[in-house]
1. Near M112, within a Cβ-to-Cβ distance under 12 Å, what is the net charge of the other residues, with Lys and Arg +1 and Asp and Glu -1?
2. By the scheme Lys and Arg +1, Asp and Glu -1, what is the net charge of all other residues having a beta-carbon under 9 Å from that of S30?
3. Where does the charge balance sit around D160 when Lys and Arg score +1, Asp and Glu -1, over other residues with C-beta under 11 Å from its C-beta?
4. I'd like the FRET efficiency for I107 and A166, computed as 1/(1 + (r/R0)^6) with the beta carbon distance as r and R0 of 35 Å, rounded to 0.05.
5. Would you mind pulling out the separation of the Cα centroids of region 92-122 and region 134-212, in Å?
6. Sort C151, C206 by Cβ crowding within 10 Å, fewest neighbours at the top.
Amino acid sequence: MKNFILLLVLLLLPSAAPAADLFLEQPRWSLEATGGTFTPSLENWSRFYGKRYMPEYAASLAYKVFPLVELGAGAGIVKGQGQAYAALHGTLVGNVTYELRPVNVFILARGMVSEGQWMAPYVGGGWTRMYYRKEVRDQESVRGSVDGYHCRGGLQFSLDSLDQRASNRMYLDYGVHHTWLIIEAEYTKAVLRSTSTDLGGTSYRCGLLFEF
């Protein structure tokens, strides 16, 4: 009996090492880079800025605390330019630049159920610190920050199968296990208490997700 157990252990040892290596090589980090539009919750936005939305760019880095759950942080920039009008007589007083820089800390869950999955949904949310700046030409600028929250969800589509050779090269050269195309929506609420003004809004973005 002892000899049989010893033989079984010896037979399993070669296969145990690759399995352990496979576990250790699972990606633990994810990096996102996205771009899209941000529609402010502010009323009469289009009157001053000519359109309802502004361009937005964002990036985030997250760590997988569990296979399907990540903790991370990210930052973005939203910027628009328009015309400022006097409050009393409504005449044009100059060009205005409006800028937001949201910083997010979030928890996110991905619906990954198999290794070869080509599409997966994800949802997340967390705390937001919204930095803002409003500057009218030849006038003093207004800037500050306000705390709030955000929630987001989207879909990710695997790009690995489109070009397996490129996918293998990404891993060998940069340690990237998987590359995904992502499409997402995000809602942010950040109310400035002194004026009860919501500096948040709704974002629609797409971009790339790298797992390494």
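A short reminder: the numbers here are calculations on the coordinates, not readings from a lab. Not measured: the values here are computed from a predicted model. Counting neighbours? That spans all protein chains shown, and the Cβs are built from the backbone with ideal geometry, glycine included.
1. Residues close to M112 contribute a combined charge of -1.
2. Result for the local shell: 0.
3. -2
4. 0.65
5. Using only Cα atoms to place each centre, the spacing works out to 3 Å.
6. Ordered from fewest to most neighbouring Cβ atoms within 10 Å, C151, C206 come out as C206, C151.
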